[in-house]
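All remarks here apply to the structure that follows.
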Amino acid sequence: MKFFFSLNTLAHAAEVPLKIAMSDVGPFSYSVDGKLHGLNYDILKDISKHSGIKFSFHLYPHIRLVNSLSNIKPDLAIVFEDSCLKYKSEYEVQTKLYTSKPTLFLTKSANTDLSKLRIGLIRGTCVDLSTKYLKHELVMDIADMGQAMEMLKGGRIDGVCGLPLVVKFNLEKVNYPSTLLKSHTDSKILQAVLCRKRELPENTKRKLELAVKEIKIPKID
């Protein structure tokens, strides 16, 4: 049997965008009134522009993305290095982007004995720090940092653990005075990477690698 492809069919195939997965976590990547924003979104937009490759962006809950990368099957994602390496049979690290450090933010009135504190944690985050210093029965699982801020304002918890930019972003959203917080920072530094599907065409990989060299990666505190 012979197959015939028109030029239009081939052109359409060449324009199929790469599927991009992003964690729905402000200020890294999030949506407002249906429009995407965030530091990771900006990085990926620049990569698309400089590579000439079209991207199709998709937001996922953070815990779903890092625990189901092989089910979601994106072509590219910005995740922490450990999350990418967990799926090394299907994915590989293309580029290291920036680092960030989970931090425990406490109210000034909080007890200095960390084992006595009620701390809000998004499930699957701050594992290293919480295992070392926090009492399991006092750790409260929360859906997202926005919920943690409301609990903090209501006095239901003594602090939250998260990346400094994420905590600051959510403090501002609920108008909680960040000057009332202090931090404990003895935790593992996390490396954010551009994680790509191994089976991408070599030509696509080269374009992505060249594009990353052209963009400016923000410095993350």
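A few notes on this one:
- Qualifying residue in the stretch 127-134 (condition: at pLDDT below 90 and touching a Gly at 6+ places or on another chain (Cβ under 9 Å)): no
- Every residue from the stretch 33-71 that is closer than 10 Å to Ala21 by Cβ and basic (Lys, Arg): Arg64
- Checking every residue in the stretch 82-96 against the condition of being of a type in the set (Val, Ile, Thr) and farther than 30 Å from Val212 by Cβ gives zero matches.
- Filter pass, Leu121 being under 27 Å from Thr99 (Cβ atoms) and part of a strand (DSSP E or B): yes
Conditions tested, residue by residue: (1) without any contact (Cβ under 8 Å) to a residue 12 or more places away in the chain; (2) touching a Lys or Arg at 6+ places or on another chain (Cβ under 8 Å); (3) farther than 17 Å from Gln94 by Cβ.
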| site | (1), (2), (3) |
| --- | --- |
| Pro17 | no, yes, yes |
| Asp24 | no, no, yes |
| Tyr30 | no, no, yes |
| Asp33 | yes, no, yes |
| Ile47 | no, no, no |
| Gly52 | no, yes, no |
| His62 | no, no, yes |
| Lys73 | no, yes, no |
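- Options Arg198, Arg156, Arg206; residue that is free of Cβ contacts under 8 Å to residues at least 12 places away in the same chain and basic (Lys, Arg): Arg206
- When the criteria are applied in full, Ser115 meets the requirement of being at pLDDT below 95 and over 24 Å from Tyr176 (Cα atoms).
- The lone exception for Thr112 - which of (1) touching an Asp or Glu at 6+ places or on another chain (Cβ under 6 Å); (2) surrounded by fewer than 20 Cβ atoms within 10 Å (Cβ to Cβ); (3) of a type outside the set (D, E, K, R) it fails: (1)
- With respect to the conditions (1) in contact with a helix residue (DSSP H, G or I) (Cβ under 8 Å, 6 or more places away or on another chain); (2) over 21 Å from Lys205 (Cβ atoms), Tyr87 lacks only one, and its number is (2).
- Any hit, the stretch 76-85, residues being of a type in the set (D, E, K, R) and more than 24 Å from Ile220 (Cα to Cα): no
The values are calculated or read from the model by the stated rules, or taken from the named source; none is laboratory data. Not measured: the values here are computed from a predicted model. As a convention, Cβ positions derive from the backbone with ideal geometry for all residues, glycine included, and neighbour counts pool all protein chains shown.
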